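Q: Let me begin by handing over the structure; questions about it come next.
The values are calculated or read from the model by the stated rules, or taken from the named source; none is laboratory data. In this text the structure is predicted, and so the values were computed from the model without any measurement. Here the Cβ is made from the backbone with ideal geometry for all residues, glycine too, and neighbour counts use every protein chain on show. What goes into the accessible areas is simple: the full protein's heavy atoms, side chains included, and nothing from ligands, DNA or RNA. Shrake-Rupley method; radii C 1.70, N 1.55, O 1.52, S 1.80 Å.
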Amino acid sequence: LVQDLSIMSDNDNNPKDGKERGLGKNLQKTIPAVRDRAKHMLSVLTETSVGEKESEQEIPTIQLDKIFSESALIYNIPVSIQGHANVSIRKESLQSIIDNLLGNYSYQDRKSSQRHVNLNIDIETRGQKVIATICDPNGDPCLWPERLFEPFWSELGMGRGIGLYQAKHLAENSGGTLSVASGTDEPLKFVLSLSKKPC
C-alpha cells in the first residue's frame, strides 16, 4: 500500500510536460485500486487459514489481462498485452502476485534514466492452464535466476527480499506455478501458470 501511494505521489508531483490534465483521470483509476489493496491487506490480516489450499467454492472468475492492465497503470509501466483468459484464483492472491512482479519492474524503471521498462505480456490457454509470460524486451539477462525466489535474498543487498518468494507460494497454493526463463543473452521472463476457470 505504501509502495502504491509513493508511486502515485511521484507521478502527481512530477508530471511530464503537457500531461498535467491527465493527473485527474489517473487518480480516478488509481484511487480505487489503492482502496482494493487496503481491503486486501485487511483480509490477509484477519484471515485464519493463510497458506492453505483454497476450496473450489471460494474461487471467483478473474479476467487475467484486465488485472495486469489495471496494475500496470498504477505502477505507471507501459504494457502490451496479447491474449486474454479467465482464471480460478482468489483476487487477493492474484493481486499480490502481480504487485510483486510489477513492483520489481517499477524499481528497475526508476533506477535507470537511460532505459525504461516496456512490458510485453502474452497470455495463452494450454489445456486447463492459463500461461502468462511477462518480459521487458529492454531488460538485461538475469545473472542469478536460481536465487530470485530465495527468501530474504535481494540483488540490491537491501530490503526484505520476500516479494517473489511470496508470489511463488501464492501461485502454488492456488494450484499454479511461478517460474523464470532466462537465457544468457536474453531478458528475464517470468512465467505464471494458473488454473483456467472451468466452463
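Q: Please determine whether any residue of region 117-127 is within 25 Å of residue 59 (Cβ to Cβ), open to solvent by 80 Å² or more (accessible area, probe 1.4 Å), part of a helix (DSSP H, G or I) and at pLDDT 85 or above.
A: no
Q: Do you know which of the residues in region 57-82 that are under 17 Å from residue 138 (Cβ atoms), touching a strand residue (DSSP E or B) at 6+ places or on another chain (Cβ under 9 Å) and not β-branched (Val, Ile, Thr) is least open to solvent (accessible area, probe 1.4 Å)?
A: Among residues in region 57-82 that are under 17 Å from residue 138 (Cβ atoms), touching a strand residue (DSSP E or B) at 6+ places or on another chain (Cβ under 9 Å) and not β-branched (Val, Ile, Thr), the one least open to solvent (accessible area, probe 1.4 Å) is 72.
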